[in-house]
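**Q** Pasting in a structure now, in structure tokens, and then I'll have a few things to ask.
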Amino acid sequence: MKLGFIGLGVMGAPMAAHLVAAGHDVSGYDVHPAAGEKLQAAGGRAASGVADAVAGADVVITMLPNHPQVEEVVLAAGGVLDAAEPGALLIDMSTIRPETSIAVAEAARDKKIRVLDAPVSGGQAGAEQASLSIMVGGSEEDFEAAKPVFDALGKTVVHVGPHGAGQVVKAANQLVVGGIYGLVAEAIVLLEASGVDAATGLDVLAGGLAGSRILELKRKSMVDRQFAPGFRIDLHHKDMGIALAAARQADVALPLTGLVAQLVAAGRAMGYGSLDHSALLKVAEQLSGRGPAEV
């Protein structure tokens, strides 16, 4: 298929490259020209702007930081909905508010453009390894049409409901991930403060009922205090805001989610926003007076 890909950042760049490798004709655009040059080196085409990337595309993919960028790229004059041909399929793989996904789908309907919201989980490693989990909202028919694209990017691809449902599932994912990171951080603080080797203790936890994907992948780097970002605290802070807003919209109480959101916000306020979200360990340490105050 002919694909337009907008947003060639930490996640978007490897995703676009996988689509090239899968045999698709990919034109990509990013506000940073070097990102387009990287795509071109991988066999794609560096577009000069949004309209250039979208022109003639069967499928348009957006992978952007937040809802204001999606609204600007998709809804503004000269954006995706203006440039895409009737019948094209827009797949927004950004993590944004469910109501924005619904609004985009409604605006696209008037242009006879199909839309899916398809946020992803798996972070930079998942994007690079084409092993993302993809949760998709929209029609079943459009989901089936998009499967060749999704299969080039992820291992777990599920249609979860109508427009906006993908974003609700992603919000649930982020509140669980944030909560587990917070608890693993507290476990490390408790183990070390009690004179127990944290690496050994977490090895035991990982093999029992407390085991998780986070313990599997991140326990060593957390104990070693290696917080190079795979997914930054700044972005998780944004996502926790989405989760809390979704809870208000659904009229449900999520008290643990609120606490996790405050811990993530504290990490950002302490200056850790550019670090990996596993740096919630630094927050837990400082709350116990055990960690250094500097980043």
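The values are calculated or read from the model by the stated rules, or taken from the named source; none is laboratory data. For clarity, every value in this text was computed on a predicted model and none was experimentally measured. Note: ideal-geometry Cβ built from the backbone for every residue, glycine included; neighbour counts use all protein chains shown. Side chains are part of the model used for accessible areas, which takes the heavy atoms of the whole protein and leaves out ligands, DNA and RNA. Shrake-Rupley method; radii C 1.70, N 1.55, O 1.52, S 1.80 Å.
**Q** Taking region 234-250 only, how many residues are free of Cβ contacts under 8 Å to residues at least 24 places away in the same chain and either within 13 Å of VAL176 (Cα to Cα) or not hydrophobic (A, V, I, L, M, F, W, C) (or both)?
**A** Number satisfying all stated conditions: 3.
**Q** Go through region 152-179 and count every residue that is touching a residue at least 60 places away in the same chain (Cβ under 8 Å) and either farther than 21 Å from GLY23 by Cβ or surrounded by fewer than 16 Cβ atoms within 10 Å (Cβ to Cβ) (or both).
**A** Residues meeting the conditions: 14.
**Q** Name every residue in region 267-286 that is of a type in the set (Gly, Ala, Ser) and either touching a Leu at 6+ places or on another chain (Cβ under 8 Å) or open to solvent by less than 20 Å² (accessible area, probe 1.4 Å) (or both), in order of residue number.
**A** GLY267, GLY273, SER278, ALA279, ALA284
**Q** Can you tell me which of (1) over 18 Å from VAL120 (Cβ atoms); (2) open to solvent by less than 30 Å² (accessible area, probe 1.4 Å) is the one ALA243 doesn't meet?
**A** Of the numbered conditions (1) over 18 Å from VAL120 (Cβ atoms); (2) open to solvent by less than 30 Å² (accessible area, probe 1.4 Å), the odd one out for ALA243 is (1).
**Q** Determine whether region 251-261 contains at least one residue that is in contact with a Phe, Trp or Tyr (Cβ under 6 Å, 6 or more places away or on another chain) and either buried (at least 19 other Cβ atoms within 10 Å of the Cβ) or not in a helix (DSSP H, G or I) (or both). Reasoning before the result, please.
**A** Going residue by residue through region 251-261, those that are in contact with a Phe, Trp or Tyr (Cβ under 6 Å, 6 or more places away or on another chain) are none.
Scanning region 251-261, I find no residue that is in contact with a Phe, Trp or Tyr (Cβ under 6 Å, 6 or more places away or on another chain) and either buried (at least 19 other Cβ atoms within 10 Å of the Cβ) or not in a helix (DSSP H, G or I) (or both), so the answer is no.
**Q** Additional query: With the requirement that a residue be open to solvent by 10 Å² or more (accessible area, probe 1.4 Å) and among the polar types (S, T, N, Q), what does region 83-128 give you?
**A** Within region 83-128, THR95, SER121, GLN124 meet the criteria.
**Q** Please state which one of VAL177, VAL136, VAL184, VAL196 is over 21 Å from LYS218 (Cβ atoms) and β-branched (Val, Ile, Thr).
**A** That would be VAL136, the only listed residue that is over 21 Å from LYS218 (Cβ atoms) and β-branched (Val, Ile, Thr).
**Q** Among the residues in region 133-148, are any hydroxyl-bearing (Ser, Thr, Tyr), within 11 Å of MET15 (Cα to Cα) and either open to solvent by 10 Å² or more (accessible area, probe 1.4 Å) or touching a Leu at 6+ places or on another chain (Cβ under 9 Å) (or both)?
**A** If we filter region 133-148 for residues that are hydroxyl-bearing (Ser, Thr, Tyr), which is where we start, we get 133, 139.
Still in the running and within 11 Å of MET15 (Cα to Cα): none.
Within region 133-148 (the criterion being hydroxyl-bearing (Ser, Thr, Tyr), within 11 Å of MET15 (Cα to Cα) and either open to solvent by 10 Å² or more (accessible area, probe 1.4 Å) or touching a Leu at 6+ places or on another chain (Cβ under 9 Å) (or both)), the answer is no, since none of the residues qualifies.
Residue-by-condition table, conditions (1) among the aliphatic types (A, V, I, L, M); (2) within 30 Å of SER288 (Cβ to Cβ):
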| position | (1), (2) |
| --- | --- |
| MET135 | yes, no |
| GLU141 | no, no |
| VAL149 | yes, no |
| ALA152 | yes, no |
| ALA171 | yes, yes |
| ALA185 | yes, yes |
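**Q** GLY291 fails exactly one of the following numbered conditions: (1) in contact with a helix residue (DSSP H, G or I) (Cβ under 7 Å, 6 or more places away or on another chain); (2) modelled with pLDDT of 95 or more. What is the number of that condition?
**A** The failed condition is (2).
**Q** Which members of region 184-227 meet the condition of being among the β-branched types (Val, Ile, Thr) and part of a helix (DSSP H, G or I)?
**A** VAL184, ILE188, VAL189, THR200, VAL204, ILE214, VAL223
**Q** Also: Report every pair of residues separated by at least 6 positions or lying on different chains whose Cβ atoms are under 7 Å apart, first residue within region 257-269 and hydroxyl-bearing (Ser, Thr, Tyr), second part of a helix (DSSP H, G or I).
**A** Pairs found: THR257/LEU175; THR257/ALA243; THR257/LEU244; THR257/ALA247.
**Q** Test ASP234 against the stated conditions and say whether it is acidic (Asp, Glu), at pLDDT 95 or above and either touching a helix residue (DSSP H, G or I) at 6+ places or on another chain (Cβ under 8 Å) or crowded, with 17+ Cβ neighbours inside 10 Å (or both).
**A** Yes; evaluated as a whole, the condition is true for this residue.
**Q** Against the conditions (1) open to solvent by 20 Å² or more (accessible area, probe 1.4 Å); (2) within 30 Å of PRO98 (Cβ to Cβ); (3) among the charged types (D, E, K, R); (4) touching a residue at least 40 places away in the same chain (Cβ under 8 Å), where does ARG213 fall short? Just the number, please.
**A** Just one mismatch for ARG213, condition (4).
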